[in-house]
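Here's the structure, in structure tokens; my notes come after.
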Amino acid sequence: MTVTTSGNGEGAVDVSVVIPARNARPYLDRCLTSALVQRVRKEIVVVDDGSTDGTAELLELYASYHREAVKVVHLDGLAGRGAGRPRNVGLQHATGRYVFFCDADDYLGAEALERMVAMADRNGSDIVLGRIAGHGRRAPVSMFTRDTERAGLADSAVYNSLCCFKLYRRDLLERHRIRFAEGMLVGEDLHFTVHAYCHAGVISVVADYDCYHLVDRPDGSSIMQQPASRDPVDWLAMIRGPIRLMTEHIAPGPLRDHLLVRHFRLDALAQLGAPFLAADEVRRKDIAEGVAVLCDEWLTPGVYERLGRTDRERLAALGDVDRLARLARIENAAVRRRLTGLRWEADRLVVSGTAALDGMRVHHGISVVLRARREPAAEVVVPAGYDGDEFTALVDVGALDSGIWDLRVAIELEGVVRSGRLGADRDDDVVRPAPRLIDGLITMPYFTRDNGNLSIDVGGHLRAVPGNARLTRTRWSLGHRLAMDGEVTVAGAAPEAAAVRRVVWRERHTGSEHAEPVVALPGGGFAARPAVGRLAPGTWDAYLELELGGPPARFRIAADAETVTGPCRLRTAALLRSVRPYVTQGKGRLSAVVRKITARALVRRFLR
């Protein structure tokens, strides 16, 4: 083993980026550049694992040009036997407070380490997960719904991600001798990450930025792209090690059951899907036996209760290979669906369409599923009436919480539920229903811009709320207040009085705001007495703000010239302040110009 060192000293480094590299010459420039541009104190430890394609020479070139940042280690002997040994060697040479593992064909977002280190320093985090973007490869998503300062193993989805592409506190790794399994082509990072999770005091998530870019090699030469990399029988044998490691550290109980569910759902029972169909009859028996062995050792009642219906059907069929194959065919059947009707019926949304499983003549039920975009686990299932492939569901929109809800159609057959987004394929005469006010919440069905799928915005989170606020009369009242009377409608209806919150004046150039209360009147009327004379000099635009179940909705207040009173002058001993309400040209919106003139300026003007 030979080492080309850098100039960073102990304690001077925030992050050690460890990169195993084997025959990765075409990808190294992008990977190393992405690490070099990180705005943290860093060192880049690249471990060349016996490359023969010019990788070693390119690494030496980088080390010579970036002596303060790049450290290269060349391994000799036993090369190419997985990334475990190179990563462990890189960890031995790391000196940073934190360690981040990056593969040579992947790359970092420009602000990745800066954001993750800030999160870790703020919370004392031992592990920080940064959102992963997949390019030709599947990336984990369930744990990246929102930034999380402190995510618990028991009440979050962080354990679903067992890849090693995370920020780790190096002291944690050293204190507990957390290392990668060596001599394994796949799965070495599962041992490492499971062990780290078991000892982590604080786990955090950066979900609002693509920190890591997971790349599919065009030539298919990476280990994970090889056909044998996910052989189901080998995978079931491999996964026993990480599961056993976890159970050695986590006592029996709800937390262990929660973590075991991940292994059964994603590691064990997943092998009874597409991999099972691709196997011959002999291999299918081996796969079923491998799953049964895991069940014998670790399938507790607590785990079983947490599994979904499809997985329970698989468990019940472990002794019946033909039944397992049929379940797998159902699970892998494409969902054909089409939206044929969409309309309001009172406060319920009537959703009609056709749905079927490709290659399946029968089904046991159809339903429409509404899934909260920010809370994927939050679902509302609406059973549909159906006749063959045709269905109709009545969605009680008033029962939905505020947020964005994505609609799917789900088909059940033999306990397996298959679903797909609804709306992209629709009849030409299907149009977006008009928005409605339902129990004080603005509700807006719409088709997404990217794929044209059907969603519902409850509360106005993404869609502009349709509304109109218009003045009927203005006049000056005591205290140089502008007395305003007006009417407001939202989606063509009068909002509830409690929804009308305040009048907001916003200065056009500085963005400064001044808000005052509003009196809501029956039938959508409102009255306000804002102290416009107290506003700072400038041009101020008037808005009416309402609470409709989501972010505050603001409407520019419209007016006609004849309804807007003339200017007003406020005199004091030191200055004259003038306020001129007016109606903007074009759209006819209420604004006001506020000016002040000092006594000296008045004298100069008089003498002129």
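Overview of results
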{"quantity": "Cβ crowding within 10 Å averaged over residues, with 380-391, 160-171, 525-536 ranked highest first", "calculated": "160-171, 525-536, 380-391"}
{"quantity": "Prolate/oblate/rounded call for the stretch 292-386, Cα gyration tensor, a/c under 1.5 rounded", "calculated": "oblate"}
{"quantity": "Relative contact order of the chain, pairs being alpha-carbon contacts under 8 Å that are 6 or more residues apart, as %", "calculated": "7"}
{"quantity": "Between the stretch 108-128 and the stretch 303-324, the Cα center-to-center distance that results, in Å", "calculated": "40"}
{"quantity": "Set of lysines near Lys166 by C-alpha distance (under 18 Å), chain-local residues within fewer than 8 positions excluded", "calculated": "Lys42"}
{"quantity": "Per-pair calculated FRET efficiency, R0 = 30 Å: Asp401 and Asp450 via Cβ, rounded to 0.05", "calculated": "0.80"}
{"quantity": "Accessible surface, the chain, averaged per residue in Å² (probe 1.4 Å)", "calculated": "46"}
{"quantity": "FRET E, pair Arg81, Ala110, Förster distance 30 Å, beta-carbon r, rounded to 0.05", "calculated": "0.35"}
{"quantity": "Burial order of peptide ranges 507-520, 553-566 (average beta-carbon count within 10 Å, highest first)", "calculated": "553-566, 507-520"}
{"quantity": "Inter-label distance for Lys587 and Asp485, nm, one decimal - labels placed 7 Å from Cα along Cα-to-Cβ", "calculated": "2.7"}
{"quantity": "List Asp189, Asp457, Asp286, Asp439, ordered by accessible area with a 1.4 Å probe, largest first", "calculated": "Asp439, Asp286, Asp189, Asp457"}
{"quantity": "Tensor-based shape of the stretch 206-345 (alpha-carbon gyration tensor, a/c under 1.5 rounded, otherwise prolate or oblate)", "calculated": "rounded"}
{"quantity": "Cut-off 12 Å (backbone N to label point 7 Å along Cα→Cβ of Arg146), residues of the stretch 97-119", "calculated": "none"}
{"quantity": "Accessible surface of Lys596 - all protein chains present, 1.4 Å probe, nearest 10 Å²", "calculated": "120"}
{"quantity": "Carbon + sulfur, % of accessible area of the stretch 298-345 - ligands and nucleic acids excluded, 1.4 Å", "calculated": "44"}
{"quantity": "Protein accessible area in the stretch 355-454, 1.4 Å probe - carbon and sulfur %", "calculated": "44"}
{"quantity": "Label assignment, mean projected area of the Cα convex hull in nm² derived from the structure, set (i) 38.4; (ii) 40.4; (iii) 29.7", "calculated": "(i)"}
{"quantity": "Peptides 38-47, 471-480, 413-422 ordered by average Cβ neighbours within 10 Å, highest first", "calculated": "38-47, 413-422, 471-480"}
{"quantity": "Between the stretch 31-93 and the stretch 479-549, the alpha-carbon center distance in angstrom", "calculated": "61"}
{"quantity": "Theoretical FRET efficiency, 1/(1+(r/R0)^6), r = Cβ-Cβ of Leu462 and Asp171, R0 56 Å, to 0.05", "calculated": "0.85"}
{"quantity": "Net charge, Arg348 excluded, C-beta distance under 15 Å - Lys, Arg +1, Asp, Glu -1", "calculated": "-2"}
{"quantity": "Shape call, the stretch 76-149: gyration tensor on alpha carbons, a/c limit 1.5", "calculated": "oblate"}
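The values are calculated or read from the model by the stated rules, or taken from the named source; none is laboratory data. This one's a predicted model, so the numbers in the text were calculated from it and none came from an experiment. In this analysis, Cβ positions are derived from the backbone assuming ideal geometry, glycine residues included, and neighbour counts consider all displayed protein chains. Side chains are part of the model used for accessible areas, which takes the heavy atoms of the whole protein and leaves out ligands, DNA and RNA. Shrake-Rupley method; radii C 1.70, N 1.55, O 1.52, S 1.80 Å.
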